[in-house]
1. Which numbered condition in (1) open to solvent by less than 50 Å² (accessible area, probe 1.4 Å); (2) touching a residue at least 24 places away in the same chain (Cβ under 8 Å); (3) outside any helix (DSSP H, G or I); (4) more than 23 Å from His126 (Cα to Cα) is the only one that His8 fails?
2. Go through (1) more than 16 Å from the chain's Cα centre (by Cα); (2) exposed (fewer than 15 other Cβ atoms within 10 Å of the Cβ) for Asn96 and report which single condition fails.
3. Just a yes or no: is a residue in segment 80-87 within 15 Å of Tyr30 (Cβ to Cβ), aliphatic (A, V, I, L, M) and free of Cβ contacts under 8 Å to residues at least 60 places away in the same chain?
4. Residue by residue through segment 53-81, note down the ones that are modelled with pLDDT of 90 or more and either surrounded by 11 or more Cβ atoms within 10 Å (Cβ to Cβ) or under 17 Å from the mean Cα position of the chain (by Cα) (or both).
5. Could you please let me know if Glu105 is of a type in the set (Asp, Glu), at pLDDT below 95 and more than 21 Å from Gly18 (Cα to Cα)?
6. I need the full set of residues from segment 17-57 which are out of contact with any strand residue (DSSP E or B) (no Cβ under 8 Å at 6 or more places or on another chain), of a type outside the set (Gly, Ala, Ser) and not in a loop (DSSP other than H, G, I, E, B), in order please.
Amino acid sequence: VCSSDLWHRHMRGELPGGLDELLDDNVIFYSPIVYTPQVGKAITSLYLSAAGQTLPGDKNATQSDPSKRFHYTKQVISGDTAVLEFETTVEGKYVNGVDIIRCNEQGKIVEFRVMIRPLQAINLVHRQMGEMLEKMKPN
């Protein structure tokens, strides 16, 4: 059974243990940018943390225009899978995508797939994620 509640709590910074608590040791991450699936908690945590830094939305987004900040617009939950649609604005460009999250019987995330559109958003996210992953690499 997959519940999006824990994921939403994590996104708000309210989940003690964060990604370590949510992810199965053998989680598989499917990036919209990288062809090869990334396997394991450490690499998945790295990608999801980098995405959190890359996709928060325009830094000058105001309270009067929350649509420019990262937010989920829809969710569909069926059995072990949750599909969460999101929108944000990065460098003035509209970004729309979905997080497809599959969980095991213990509620741990075993598969995390991200899809993004339109093409200009993919190109922008590709560049920014590359820069962020480079900064986050251990020396």
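The values are calculated or read from the model by the stated rules, or taken from the named source; none is laboratory data. As the structure is a prediction and not an experimental result, all values here were calculated from the model. Cβ coordinates were reconstructed from backbone atoms using ideal geometry, including for glycine residues, and neighbour counts include every protein chain displayed. Remember, those area values only see protein heavy atoms, side chains included, never the ligands or the DNA or RNA. Shrake-Rupley method; radii C 1.70, N 1.55, O 1.52, S 1.80 Å.
1. Of everything listed in (1) open to solvent by less than 50 Å² (accessible area, probe 1.4 Å); (2) touching a residue at least 24 places away in the same chain (Cβ under 8 Å); (3) outside any helix (DSSP H, G or I); (4) more than 23 Å from His126 (Cα to Cα), His8 misses just condition (3).
2. Failing condition for Asn96: (1).
3. yes
4. So in segment 53-81, the residues modelled with pLDDT of 90 or more come out as 72-81.
Those that are modelled with pLDDT of 90 or more and either surrounded by 11 or more Cβ atoms within 10 Å (Cβ to Cβ) or under 17 Å from the mean Cα position of the chain (by Cα) (or both): Tyr72, Thr73, Lys74, Gln75, Val76, Ile77, Asp80, Thr81.
5. no
6. If we filter segment 17-57 for residues that are out of contact with any strand residue (DSSP E or B) (no Cβ under 8 Å at 6 or more places or on another chain), which is where we start, we get 17-21, 25, 33-36, 42, 46, 49-50, 52-53.
Then drop every residue that is not of a type outside the set (Gly, Ala, Ser), which leaves 19-21, 25, 33-36, 46, 53.
Hits for segment 17-57 are Leu19, Asp20, Glu21, Asp25, Leu46, Gln53.
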